[in-house]
Amino acid sequence: MSGEPDPSSSHGEVDSSDGRPSRRAGDETESTQRSRAAELRDSCSRIVRVARWEISRTTGTVDRKTVFVLLAVAIAVGIVGFAAADDGIGLEDEIYVVGVDEENPYHDVATASDQFRTVPLEAVRIDDGGASGNVDVVIEDRRIGYVGENGVAAYDAFRDAVEAYNEALMAGEDDETAAYPVLVEIEYQDRSFDGDLEPPVESEADESDGSGVEDSEDSAEGEAPEETDGEDSASDEDTVDLEGDEDEPTDGDEPPLESDEDTDAGGDANVTVTGSPGDLEPPFPFQSLILAFLFVVPMNFVIQAYGSTIMDERIKRRGELLLVSPASSREIVAGKTLPYLAGLVGIVVAITLAIGGGFLSVAATVPIALLFLAATFAGAMFARSFKELTFVTVTISVVLTTYVFIPAIFTDVTPIALISPLTLVVMDLQGESVTLGAYLVSTIPVYLTAAVVFLLGLGTYREEDMFAQKPVPTKVIDAIAVRVHGKRSVPVLSIVFVPFVFVAQLLAIALLFAAPPLLTFTIIFFFAAAVEEVAKSVHVYAGFSRARFEPTLAAAIVLGTLSGAAFFLAEKGTQIVQLVGLHEFESAIAAFGPETMAGEVADGPVVFAGLLLAPLILHVVTAIISAVGATRGRTSYVVALGLATAVHALYNIGVILLVT
Amino acid sequence: MSRDEPTRERRIDGGSDEQTQESVQRGPNPPAPAGASANGDGDARESRFGPRWAVACRELRSLRSEKTIILAIAIQLFIAAFSSFLVVGFVSMYDPDGLGGQDIDVAIVGEDPATLEAAADDQAGLNTVRYDDRAAAYGTFENGQVAAVLETSRNEHDQLVVDVTAPEEGIETTLLVVQLRETLEAVEHDERLANADRLASTPLTIPDEVEASPYVGFTYTILVPLLLFLPAFISGSIVVDSLIEERERGTLELLRVTPLSLADVVDAKLAATAVLAPMQAAAWLALLAVNGTTVARPGVLILVVAALSLLVVGLGTVVALVAPDRRQAQLLYSVAIVGALVVSTLLPEHPANTVAKVSLGSATATTWLLVALYCLLGAGAFLAARATVERIDPAEL
């Protein structure tokens, strides 16, 4: 069941043209180099041939009736959508009932708002002394009361409706200055006190600090890479400008309502909005966010088709014909993926052109597209049936959409938003500049994760896995076990899994961003520890369970040490976290371990070395614990994993309590 | 990761009849009726209901063994959590009281600050500090002692001009702007009343503020409809996959060798998947009730879900029988669902609005008519699926 290593994929990590004897026999001369070039050319031509075949088959088998139905639905949706765009889809229409007589001035409020349905007062029934009735809000003369469970909410909604009604009333007035007696002009200024990366703007802005909470927020912002010196000088100018036009605060002649330009349009350091108080909108990149979401929508449809085509090969052993062709499994997969990737890139470019994004939008969306395709490929390789595939793709859609979308909401709020490449799109659409560091932090984990997922899926692109019915977890273990041969591969895999750990932990931070701190800490401490422990031990377990290693204690200790040490080294690479100032966030420290702030708390070199070495020992010890558990089968592996996670989490908590 | 392995091992060790029932080994030959008789359902075989029951059971068992149903529920939970997260995030961003945040200090400078101060005093969470000196006011802003500076003046039209200087970004600014808007709107309202002689109409008095949950609207108009409709859409997707899979793997052929007619098989699959949605809907409503969100007429809601589920599953069945392959079937199905959701805005009430009204207890005659219409449509879809089965030639599938 586990399957012997297949010759074509077992060398997959090392060679680019696997399983070809000629390549191994060749000696290191010029002729082999030339033959390598020729091989590469052959390989490319095979990939292109598979891609061409995929395109022709996809377009060739589309039924005319399907196209007709799709077109008909598209036209219907277009017409109805266009017609309904004006007044919304009416989800909130008439959900509350107001008891009011027609001569009452508030009657017009209820009829002007969609949310309310009116009944005359004589039809109002109220039971149980106001606990229930056939209305939510009752209005007698000028008194307004509410009834029943949802009465409060209805009353609150009615209050908003009155405000909206007043606004509409005023908009119809002839005397504009009487109707809009208050004019507001809001100017956003960059206050850069307490920033480490930036030199202080003015002497008075130097070492003063505000109230406690405000301080941490703002300094975190000040260190974000996107705020460079260029903007700094801009803010300096603002201040000068502001003090210059003292005598004439606003242009009073201007009709107030005509100048309600969007706050998010410019995205400059200095945005000025003028209008009546009702026009004030918080500086939230709502429009950019919606536009950025447009990039993600088509991916969810494309992966449906992509998953189908991969799964199709696995039904009735159709893919066997391709497998026996001279093309290697990696060439087949590359060829089958290429059209879909190209299609997605085409869509992304089209959207970018349509909404006026820049090159950055494309550059940031391509890794997202790759991740969608990679996850779908692995899902289609692991799924047992179309039904399962549907759920796997929906899961992928939902999880990945969340991963890219939620952090992007916080684009202007915290640097944590950078974990999602979509944040770069939002920034691009707002006209903000993005540093190379920010781009790399956002996209590298995504690129790496996509690559690893593709590799894992490729491991099962072989006869015994493609055409067999095995549960998904078994296939995952299979896919990992394919990559395990010899002790040397264990540390390699530990390193390969680091991007996963990174992405999972970042997602946890982003999801729990708004939760209460204590709860967040506890969850993140244990979740982060669990993710790291799984990453260090799952391939060791795969190796033991697929008989790649002798299940002895000595082997477990050696493998655990290798895995833990390699993971430690790779994790040091994630110190780029500091690049974006993530260590300002307590939850980031909880996830990435206390070493994140080692540089700040260490008094001398000895303490610093201790802080760096202690995690090495920790990683090795916990990896050995789970490796020993893995020698004895599934149950003991799970138990050992739990133990290792507990040790890891308690260590992290302990260190943080010690140093803070 | 590998939780399922030993279970699977055990299944294989078990009886071979049992094994063929499980989709784990569902290879080329799953003779469902044979399995049913081996399972002791022999007496049920005498009626026509029996074999269908066996097919339906097999359908549900395969969902269970693939853990798809668990995944489906997890997805729904995730979507619900995701949308709630978004709403809670947005609402707390616009409603500082919801965050329980501390007061925001703003500096006021310039002429006629009294009206503004009075309004700010009424506004919870906003404190004002008056400065006579502009430089001093902006100095406190620069060093972070106050969150914003408001500079007031009167222009030639006797309008109150408020110049706000706020920090550029961050969640603090969002809260500040929301607070300021409410305060300034209160000022505006007072000033308008003072201008009443120049206005053709007098603004209505705004009712007093109350402590209301800002989530009620979202819960009833989005979350409840979402949780009720998702199971139906998922059921439709399951039936498409299930039928297409039988076709493509050639197992439908084998089923036809049994005494079952194609109509029996389709009926059974349709029933098995259609019944899942109202069950899940009932579970969601119970869960919501535990969380303190009660709906007015749960029975009616479950009826609506059952009708919609029948409608969607019937549609899925037709698509699966007519479409040439899985890719096109799924595409047609999802496009049809999206299309139906958009086109249903033409109805006097959107289905989501109907659900919201029923659950809030403000249903009208139109609402009841639409509920009846959905029931009719559900029955119609079932008949359409029936007609499609009779029209197509099983040998061509």
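The values are calculated or read from the model by the stated rules, or taken from the named source; none is laboratory data. Please read all numbers here as calculations on a predicted model, not as lab measurements. Quick reminder, even Gly has a Cβ in these numbers, built from the backbone with ideal geometry, and neighbours come from all protein chains shown.
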(message) Of everything in the range A:134-162, what is surrounded by fewer than 19 Cβ atoms within 10 Å (Cβ to Cβ) and acidic (D, E)? Give them in sequence order.
(response) A:E140, A:D141, A:E149, A:D160
(request) Could you please find all residues in the range B:316-351 being within 7 Å of chain A (Cβ to nearest Cβ) and at pLDDT 90 or above? (result) none
(message) Here is a list: A:T435, A:T449, A:T402. Which entry is of a type in the set (V, I, T), touching a Pro at 6+ places or on another chain (Cβ under 6 Å) and closer than 19 Å to A:I509 by Cα?
(response) A:T449
(request) Residues being among the small types (G, A, S), assigned to a loop (DSSP other than H, G, I, E, B) and at the interface with chain A (Cβ under 7 Å from one of its Cβ atoms): count how many of those fall in the range B:132-148. (result) 1
(request) Would you be able to say whether some residue in the range A:190-204 is more than 28 Å from B:L360 (Cβ to Cβ) and modelled with pLDDT of 70 or more? (result) yes
(request) Check off (1) of a type in the set (F, W, Y); (2) surrounded by fewer than 21 Cβ atoms within 10 Å (Cβ to Cβ); (3) more than 16 Å from the chain's Cα centre (by Cα) for A:Y340 and give me the number that stays unchecked. (result) (2)
(message) Take the conditions out of contact with any helix residue (DSSP H, G or I) (no Cβ under 7 Å at 6 or more places or on another chain) and either among the charged types (D, E, K, R) or surrounded by fewer than 23 Cβ atoms within 10 Å (Cβ to Cβ) (or both) and apply them to B:E182. Does it pass?
(response) yes
(request) Take the range B:164-186 and flag every residue that is of a type outside the set (A, V, I, L, M) and either more than 7 Å from chain A (Cβ to nearest Cβ) or without any contact (Cβ under 8 Å) to a residue 40 or more places away in the chain (or both). (result) B:T165, B:P167, B:E168, B:E169, B:G170, B:T173, B:Q179, B:R181, B:E182, B:T183, B:E185
(request) Look through the range B:188-231, keep the residues that are hydrophobic (A, V, I, L, M, F, W, C) and part of a loop (DSSP other than H, G, I, E, B), and return whichever of them is farthest from B:Q123 (Cα to Cα). (result) B:A200
(request) Identify, from the list A:V392, A:V426, the residue that is within 14 Å of chain B (Cβ to nearest Cβ), β-branched (V, I, T) and under 30 Å from B:E66 (Cα atoms). (result) A:V392
(request) Please tell me if B:S213 is within 37 Å of the chain's Cα centre (by Cα), more than 30 Å from B:I69 (Cα to Cα), within 7 Å of chain A (Cβ to nearest Cβ) and not charged (D, E, K, R). (result) yes
(message) It is to be established whether one or more residues within the range B:187-209 are under 31 Å from the mean Cα position of the chain (by Cα) and among the acidic types (D, E).
(response) yes
(request) Test B:T202 against the criterion of being modelled with pLDDT under 85 and either outside the structural domain of B:Y131 (by TED's automatic domain parsing) or touching a helix residue (DSSP H, G or I) at 6+ places or on another chain (Cβ under 7 Å) (or both), and give yes or no. (result) yes
(request) Give the number of residues within the range B:216-247 that are farther than 30 Å from A:E149 by Cα and within 20 Å of the chain's Cα centre (by Cα). (result) 6
(message) Restricting to the range A:446-488, name every residue that is crowded, with 19+ Cβ neighbours inside 10 Å, in a helix (DSSP H, G or I), within 14 Å of chain B (Cβ to nearest Cβ) and not hydrophobic (A, V, I, L, M, F, W, C).
(response) A:T474, A:K475, A:D478
(request) Can you give me the ranges of the helices (runs of 4 or more DSSP H) entirely in the range A:319-402 with at least 2 residues that are hydroxyl-bearing (S, T, Y)? (result) A:329-355, A:359-382
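Rundown of residues vs (1) free of Cβ contacts under 8 Å to residues at least 12 places away in the same chain; (2) more than 11 Å from every other protein chain (Cβ to nearest Cβ); (3) out of contact with any Leu (no Cβ under 7 Å at 6 or more places or on another chain), yes/no style:
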position: A:R46; (1), (2), (3): no, yes, yes
position: A:I55; (1), (2), (3): no, yes, yes
position: A:R64; (1), (2), (3): yes, no, yes
position: A:V69; (1), (2), (3): yes, no, no
position: A:G78; (1), (2), (3): yes, no, yes
position: A:L91; (1), (2), (3): yes, no, yes
position: A:V97; (1), (2), (3): no, no, yes
position: A:E103; (1), (2), (3): yes, yes, yes
(request) Could you list, in sequence order, all residues of the range A:117-146 that are among the polar types (S, T, N, Q), within 9 Å of another protein chain (Cβ to nearest Cβ) and either in a strand (DSSP E or B) or over 20 Å from B:K357 (Cα atoms) (or both)? (result) A:S132
(message) Let me confirm something: among A:E149, A:E167, which residue is within 10 Å of another protein chain (Cβ to nearest Cβ), within 41 Å of the chain's Cα centre (by Cα) and in a loop (DSSP other than H, G, I, E, B)?
(response) A:E149
